[in-house]
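What follows is one structure encoded as structure tokens, with my remarks underneath.
The values are calculated or read from the model by the stated rules, or taken from the named source; none is laboratory data. Fair warning: this is a prediction, and the values are worked out from it, not measured in the lab. Every residue, glycine as well, gets a Cβ built from its backbone with ideal geometry; the counts of neighbours run over all protein chains shown.
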Amino acid sequence: MTALCLLLFLCLVDHGPLNAQSDYRVGWETSMKKVFIKGNRGGFQGSFNFPVEISLAKNEYESFQLVVIGNKNLTGVRVVASDLSDNKGNKISAQNIKVSPVGYVEIKPEYLKPAQSQDIVGWWPDPILEFMEAVDIKQGDIQPFWVRVYVPKGAIAGTYNGKLTIRANNSGSKEIDIKVNVWDFNLPDKPSMTTAMHLNEREEIGGIYNVETGSAMYEQLIRKTYNFLMDYRIGPDVLYGKIGDIVYVGQLAQTRWLKRINLGYIEARAYSTESEFQEALESFISWLKNSRIPVFRKLGLMKYAYIYCFDEHITHPWAKAAVQRLQQEFPDIPLMTTGDLQDHPEYLDEYSGIDIWVRWQLPSLTSWISTVEEARRRGKEVWWYISVGGNKPNWNLENKLIETRLIAGAINAKYHPDGFLYWKLNNWVKVDPPNDHPIASGPYTDWKPLSGRSDDRNYFGDGILFYPGLDGPIPSIRLENFRDGMEDYEYYVLLGKLANANTTAGADLLSQAEEALQVNSAVVEDMSHYTTNPQILYQEREKVAKLILRLSEGVQLPPEEDDNPPAPPTGIKVVQ
């Protein structure tokens, strides 16, 4: 053997493509647990057993994390998906499978207040780096790839199998098997749960991309963001002001869907004197009557409109008269505010002009029921919201990832609110220290995750559910779980509709459906007791899915409605 041949042989043995087995390991984790790149906080707790198996309906997304653990420095690691096929020759195209590396943001010691524990310092998984096809993995790092599977409406139900191939520039490839069970029912395009989640356009989107309001690039980014949010079952909305491209929102209402859209916002705290506020209020009313409402009417958006007012300060001394004034001028437009009806039922009388009450967190189920029933008897809606704070459940970086899915899914199904509000989706620039550019690389990003604060602590991830990528919005793993929860909620809505519509079902089957609609206490008992085990949630999903399939036999539900004045989901009852 010549010296050159010997050298080539040694390269193949020690560093070449035949060494994938020793160069890296491959495991997987559910979409509801965080994978820490440095192996801290308990190390990798996922599985090395394959295939990965997931189950979902048609027109639904479901995800898992493929995890690559580097035994050496790896370059250009990427994951490629095959088509999915069943044993009858039916296929789901690989185009419906998106695989992207998960990125990390760093909580630094200097971001903490003196009383805060140093335990949360370090790298936290959150942005999904969809603009990156491949990523380098350091020796010892535990790198997840987010694998998102979508099943189109026209797919044939059944069990499909496919493969994911892991490749690296300086190592060999590995194939792992995946199994996808498709249930024979569709989820609706339009979400059943109404949301009002604030998108800051000019300061955050325009600021982070350094583009001028009104420019072609700005318009492109805004429209891309609207569609991006709708893909995640969040309607485009602006709470503290007015939405920018209202004409495009009108188009989306025709071509996609819409639930609610804010006409405008009025508050009192910004004014020093009552006379200043009264002047601002009259100016606001004039603007609505002469400018905003005519545009909404022309675009056919008035059926979705509401006015947001007095955010977290409905008890301000000037608020009561202002609410009466707004109701007098706009009797057919719902007024929305944040206020605690649970502890103050007298608000229903004192602020009778408020049509949508939004409560911070949720109380005990029993007290919530009495509040909701009285409010709905008067034709009101009762929503809820979460915000900055150490309360649970929440979706700060420090919280369990499964909490995000429970908030949007099982908790909503158990408490039956009319809607969900969130104070901000993209708190990027208006933070300290601020971010001044999109995320452009990974997996270790330079993003500063500090986004909320109180007197004694700072919060991370609050007010941020998606990030700016190189050419537009990219999701977080929390946003993925939010959509998964919204889809979980659709299972309960569909089950309720079928239970009402099926006139031939036996008493035992209907009893099982009614029990499922109350939401298993093993999943959510109350706002302080809920599961952190993904398998328990998966088991409950499967139980509800099987009930849907049994009740759907011989039942034809009416098609999705085009118009959607918010109302309690059909078939879901407030259970004592």
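A few comments on the model shown:
- Inter-residue pairs, beta-carbon under 6 Å, first in contact (Cβ under 8 Å) with a residue 40 or more places away in the chain and under 17 Å from Met486 (Cβ atoms) and in the range 37-64, second outside any strand (DSSP E or B) and of a type in the set (Lys, Arg), 6+ apart: Lys58/Lys153; Asn59/Lys153
- Strands (runs of 3 or more DSSP E) contained in the range 23-109 and holding at least 2 residues loosely packed, with under 15 Cβ neighbours inside 10 Å: 74-81
- Considered as a group, the residues in the range 168-185 that are crowded, with 22+ Cβ neighbours inside 10 Å and of a type in the set (Gly, Ala, Ser) include one that is farthest from Asn90 (Cα to Cα), and that residue is Ser171.
A quick yes/no check of all residues on (1) more than 25 Å from the chain's Cα centre (by Cα); (2) surrounded by fewer than 19 Cβ atoms within 10 Å (Cβ to Cβ); (3) part of a strand (DSSP E or B); (4) of a type outside the set (Gly, Ala, Ser):
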| position | (1), (2), (3), (4) |
| --- | --- |
| Gln116 | yes, yes, no, yes |
| Asp119 | yes, yes, no, yes |
| Pro125 | no, no, yes, yes |
| Met132 | no, no, no, yes |
| Pro144 | no, no, yes, yes |
| Val147 | no, no, yes, yes |
| Ile156 | yes, yes, no, yes |
| Gly162 | yes, no, yes, no |
| Ile166 | yes, no, yes, yes |
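- Strands (runs of 3 or more DSSP E) contained entirely in the range 418-464, each with at least 3 residues that are among the hydroxyl-bearing types (Ser, Thr, Tyr), buried (at least 22 other Cβ atoms within 10 Å of the Cβ) and outside the structural domain of Pro114 (by TED's automatic domain parsing): none
- The single residue among Leu199, Leu221 that is touching an Asp or Glu at 6+ places or on another chain (Cβ under 7 Å), of a type in the set (A, V, I, L, M, F, W, C) and in contact (Cβ under 8 Å) with a residue 60 or more places away in the chain turns out to be Leu199.
- Scope the range 472-509; condition aliphatic (A, V, I, L, M) and free of Cβ contacts under 8 Å to residues at least 12 places away in the same chain; matching residues: Ala507
- Subset tally (residues that are of a type in the set (Gly, Ala, Ser) and in contact with a helix residue (DSSP H, G or I) (Cβ under 9 Å, 6 or more places away or on another chain)) for the range 364-398: 1
- Residue list for the range 315-325, filter: out of contact with any Phe, Trp or Tyr (no Cβ under 7 Å at 6 or more places or on another chain) and within 24 Å of Ser387 (Cβ to Cβ): Thr315, Pro317, Ala322
- Count of residues meeting criterion [surrounded by fewer than 20 Cβ atoms within 10 Å (Cβ to Cβ) and part of a strand (DSSP E or B)] in the range 186-217: 1
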